[in-house]
Amino acid sequence: MQINISTLQIQPFLKGMTTPQLEVLAKDSMLADFDVGRRILNEGGPSNRFYLILEGRVELELPVLGGEAVHIETLGAGDVFGWSWLFAPYHCYFDARVVAPTKTIFFYGTHLHLRDLCEQNHDLGYELMKRVSEIVVKRLLATRHELMEYKNSAPGQFKGKEIFDPAKIVQQTAINVEQV
């Protein structure tokens, strides 16, 4: 189902875009609902959709080898995610997990959809690039903050939870080899 322009006009991410730009976006938009626990994006997986959250909550996480994912940011109504559709190699850089029933508008970012629209209409492409770039910087800063906390946590612990500790694994392996 195509989204009407008035719905797009009130989205914070799209505020200030022209009616013709919103008409183009509306043609390529759909509603999607997600239940709690649903993983919408997987880090390293293909990035082919871009989401505007109408209601609900989605957590962005960064998987950690051998441990629980590191929380980067919790998103809610008015926030966006899935910006990697715009940047080659078009892979997700975070996991996105639903933590409250969530309703979104999504756009296909793939070939023959949003990327091609941006190539054909440079004004639209520039508007989206400016807006997506702001989101990328915001996510970079949130990731930096979480990684600084991670770096300053006790070895093998992060926010009170046990995580993968390479030094501990090496030590355990050395003990096992000596026992043989």
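Below are the figures for this structure:
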item: Only listed residue being over 15 Å from Val36 (Cα atoms) and among the small types (Gly, Ala, Ser), chosen from Ala100, Ala96, Ala77; result: Ala77
item: Subset of region 11-64 [part of a strand (DSSP E or B) and farther than 18 Å from Arg97 by Cβ]; result: Ser29, Met30, Leu31
item: Yes/no for Phe107 being modelled with pLDDT of 95 or more and in contact with a strand residue (DSSP E or B) (Cβ under 7 Å, 6 or more places away or on another chain); result: no
item: Selection from region 59-94 of residues that are hydroxyl-bearing (Ser, Thr, Tyr) and either surrounded by 21 or more Cβ atoms within 10 Å (Cβ to Cβ) or without any contact (Cβ under 8 Å) to a residue 40 or more places away in the chain (or both); result: Thr74, Ser84
item: Residue that is farthest from Gly76 (Cα to Cα), among those in region 12-23 that are surrounded by 18 or more Cβ atoms within 10 Å (Cβ to Cβ) and more than 20 Å from the chain's Cα centre (by Cα); result: Gln21
item: Any hit, region 16-37, residues being over 27 Å from Arg144 (Cβ atoms) and of a type in the set (Phe, Trp, Tyr); result: yes
item: Residue within region 83-91 that is on the phi > 0 side of the Ramachandran plot, over 10 Å from the mean Cα position of the chain (by Cα), modelled with pLDDT of 95 or more and in a loop (DSSP other than H, G, I, E, B) present; result: no
item: Failed condition for Gly56, given (1) modelled with pLDDT of 95 or more; (2) among the small types (Gly, Ala, Ser); (3) surrounded by fewer than 19 Cβ atoms within 10 Å (Cβ to Cβ); result: (3)
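The values are calculated or read from the model by the stated rules, or taken from the named source; none is laboratory data. This is a predicted model, so every value here is computed, not measured. So basically every Cβ, Gly included, is an ideal-geometry build from the backbone, and we count neighbours across all protein chains shown.
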